[in-house]
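The values are calculated or read from the model by the stated rules, or taken from the named source; none is laboratory data. Owing to the predicted nature of the structure, the values given are computational and were not obtained by experimental measurement. Here the Cβ positions follow ideal geometry from the backbone for every residue, glycine too, while neighbour counts run over all protein chains shown. Note: accessible area is taken over every heavy atom of the protein model, side chains too, but ligands, DNA and RNA are not part of it. Shrake-Rupley method; radii C 1.70, N 1.55, O 1.52, S 1.80 Å.
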Amino acid sequence: MNKNYFSIILAAVFWGTMGVFVNFLSEFGLSTVQIAMLRSLVSLLFMAILILCKDRKLFKIRLGDIWMFLGTGIVSYFLFNICYFLAIREVGVAVSSVLLYTSPIFVTLMSCIFFREKLTCHKVLCLILAVGGCALVSGLASGNVGSVSAFGILIGLASGFAYALYSIFSTFALRKYQVMTVTFYTFLFGAAAALLIGNPAETFRTIANPTGILWSLALGIISGAIPYFLYTLGLSRVKPSHAAVIATAEPVVASLLGIFLFREKADLFTVLGIVLIIGAAILLNISPKAQQK
């Protein structure tokens, strides 16, 4: 498999572990916003150390290019977290996760506008398979979701749109800057925005123990810095629309971890959803049209 495609799949695998760390940190009494803030700060620190060790020149950006990183950090990373958490509160995990993974649709449409990618029947098929698979994996097809508010639907779609914008803004940024630079400034602006509402003083007091610090570091490095670096690396050579579809492997990983670590039940819908998502990624990768830029 192409190494760039593999980077994106590996990013999805790491992203899929986030629920494990969130579950443990939630037991400390942290809110989802506080957990998101910790993820941003640890990821930022990790990327800063890597750049200091490799090449400090990677910190340099032009003032006129800040809009790209405001896009990846605040508009995408920060806004995505807020919208997704609100969607979970309004419509539940199942529906919100499906709405989040409408992101490949947004990425594909915006790629046609900004990068002049062609909207082929092959891409449409992969999108249908990926989004349909996410709906099945989330349990939406078999569960009782209750009443769904219009606000919940809109904010859930907003989370998918914000999530999609990372692929778009990053693609612009990668034309001028290296992967580490793009990833670092994404976390810098995302962390700055999160600090405004995350109540940092209370958060740091809550995790001021070896266990809390360990889980916070794991959250930020394993489900934050590493996957964003890998995904951005993949975007440097893979079309955004292809990357977005491949990244839908994340709910597959999350579901498998839930089954094996937390003994969650897996029904026929879950298995079918996993097959559809993997099938979409394979179909996109083996097609002669799935070429690098």
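Of the candidates Leu256, Leu125, Leu44, which one comes out as most mobile in a Gaussian network treatment of the chain with C-alpha springs shorter than 10 Å?
Among Leu256, Leu125, Leu44, the largest mean-square fluctuation in the Gaussian network model of the chain belongs to Leu125.
Just how large is the dipole of the chain about the Cα centre, in debye to the nearest 20, putting +1 at every Lys and Arg Cβ and -1 at every Asp and Glu Cβ? Can you show the working numbers first?
On the way: 20 positive and 9 negative charges, 226 e Å.
That gives a dipole near 1080 debye.
Which value in Å is the Kirkwood Rh of region 38-117 over different Cα pairs?
Details: mean 1/r = 0.0648 Å⁻¹.
After inverting the mean inverse Cα-Cα distance, the result is 15.4 Å.
Please work out whether the chain counts as rounded, prolate or oblate from its C-alpha gyration tensor, where a ≥ b ≥ c are the square roots of the eigenvalues and a/c under 1.5 means rounded, while otherwise a/b larger than b/c means prolate and anything else oblate? Kindly include the intermediate steps, with their values, before the conclusion.
Values: a/c = 1.56, a/b = 1.06, b/c = 1.47.
Taking the square roots of the gyration eigenvalues as a ≥ b ≥ c, the chain is oblate.
Please calculate how many Å² of accessible area the chain carries per residue, with a 1.4 Å probe and no DNA, RNA or ligand atoms counted. Each step should come with its number before you reach the end.
Numbers: 13550 Å² over 293 residues.
Value returned for the chain: 46 Å² of accessible area per residue.
Okay, helix-only estimate at 222 nm for the chain: each DSSP H run of n ≥ 4 adds -39500 (n - 2.57), divide by all residues, round to 500 deg cm²/dmol; what do you get?
Details: 15 runs with 210 residues, N = 293.
Only helices count here, giving -23000 deg cm²/dmol.
Across the chain, how many lysine pairs, 8 or more positions apart or on different chains, have C-alpha atoms separated by under 14 Å? Please give the number.
So the count of such lysine pairs works out to 11.
Of Asn81, Asn209, Asn199, which is the most mobile in a GNM of the chain whose springs link Cα atoms less than 10 angstrom apart?
Fluctuation is largest for Asn209.
Calculate what fraction, in whole %, of the accessible area of the chain sits on carbon and sulfur atoms when a 1.4 Å probe is rolled over the protein chains. Before the final figure, lay out the partial values.
Values: 9460 of 13550 Å².
Carbon with sulfur: 70 percent of the solvent-accessible area.
By accessible area of protein heavy atoms, probe 1.4 Å, what ranking do Trp67, Trp15, Trp215 get, highest first? Spell out each step's value before the answer.
Numbers: Trp67 115, Trp15 15, Trp215 60 Å².
Result of the area sort, largest leading: Trp67, Trp215, Trp15.
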